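The values are calculated or read from the model by the stated rules, or taken from the named source; none is laboratory data. Predicted, not measured: the structure shown is a model, and the values here were computed from it. All Cβ positions, even for glycine, are placed from backbone atoms using ideal geometry, and neighbour counts span all protein chains on display.
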Amino acid sequence: MPVPSLSGSVQRWPAAAEVLEQAGRWAALQRSGHPDLLAVGVFGSYGRGTAGVGSDLDLLLILQRCDEPIWDRLRRWDTGSLPLACDLLVYSLEEWRNLPRWNLKLAEALLRDTRWLGGIPEPPGQQPEPPVA
């Protein structure tokens, strides 16, 4: 969302670095208040470094587990303190790991374009190494 300038007659879009800094603070706050939140990343234009005027902020959240339907998952994440409109993808760790099986193109795009702000899960399609006995 544009930010009014000091004169009030001109709108200023926040710089990408400013957006990413605020997103990083938001991610840290969310991770401290939600122990099941494993990782937060930005993808899309902010993840690729191509954001400009009119870009929204695409956020990816990976939870330890999530039993809520996809459409209900968004309700617990308040993005109102962020400087731009946000789109959220919220996946459980299991869904994240299985993403290439049901949407390979999305998995490839997220793997390529995500800039992690807090926590870094293994890439989609990877399974953790079994513990050594």
*Give 121, 83 a once-over and let me know the one that is part of a loop (DSSP other than H, G, I, E, B), within 14 Å of the chain's Cα centre (by Cα) and not charged (D, E, K, R).*
121
*Number of the condition not met by residue 62 [criteria: (1) among the β-branched types (Val, Ile, Thr); (2) in contact with a Phe, Trp or Tyr (Cβ under 6 Å, 6 or more places away or on another chain); (3) free of Cβ contacts under 8 Å to residues at least 12 places away in the same chain]*: (3)
*Would you mind stating whether residue 123 is without any contact (Cβ under 8 Å) to a residue 24 or more places away in the chain and either under 20 Å from residue 19 (Cα atoms) or in contact with a helix residue (DSSP H, G or I) (Cβ under 7 Å, 6 or more places away or on another chain) (or both)?*
yes
*asked:* Could you check region 82-111 and list, in sequence order, the residues that are of a type outside the set (Phe, Trp, Tyr) and free of Cβ contacts under 8 Å to residues at least 12 places away in the same chain?
replied: 103, 104, 105, 106, 108
*List, please: which pairs have Cβ atoms under 7 Å, are six or more places apart or on different chains, and start with a residue in region 18-34 that is crowded, with 16+ Cβ neighbours inside 10 Å and end with one that is assigned to a helix (DSSP H, G or I) and not aliphatic (A, V, I, L, M)?*
19/46; 20/46
*Is there a residue being surrounded by 11 or more Cβ atoms within 10 Å (Cβ to Cβ), charged (D, E, K, R) and modelled with pLDDT of 95 or more anywhere in region 69-76?*
no
*Could you tell me whether region 28-43 includes any residue that is at pLDDT 95 or above, in a strand (DSSP E or B) and out of contact with any helix residue (DSSP H, G or I) (no Cβ under 8 Å at 6 or more places or on another chain)?*
yes
*Can you pull out the residues in region 51-65 that are under 14 Å from residue 30 (Cβ atoms) and more than 12 Å from the chain's Cα centre (by Cα)?*
64
_Going through 9, 55 one at a time, which residue ends up being modelled with pLDDT under 95 and in contact with a Gly (Cβ under 9 Å, 6 or more places away or on another chain)?_
55
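Which residues, counting only those in region 52-74, are out of contact with any Asp or Glu (no Cβ under 8 Å at 6 or more places or on another chain) and within 27 Å of residue 18 (Cβ to Cβ)? Spell out the reasoning first.
Narrowing region 52-74 to residues out of contact with any Asp or Glu (no Cβ under 8 Å at 6 or more places or on another chain): 52-55, 60-62, 67-74.
Across region 52-74, the qualifying residues are 52, 53, 54, 55, 60, 61, 62, 74.
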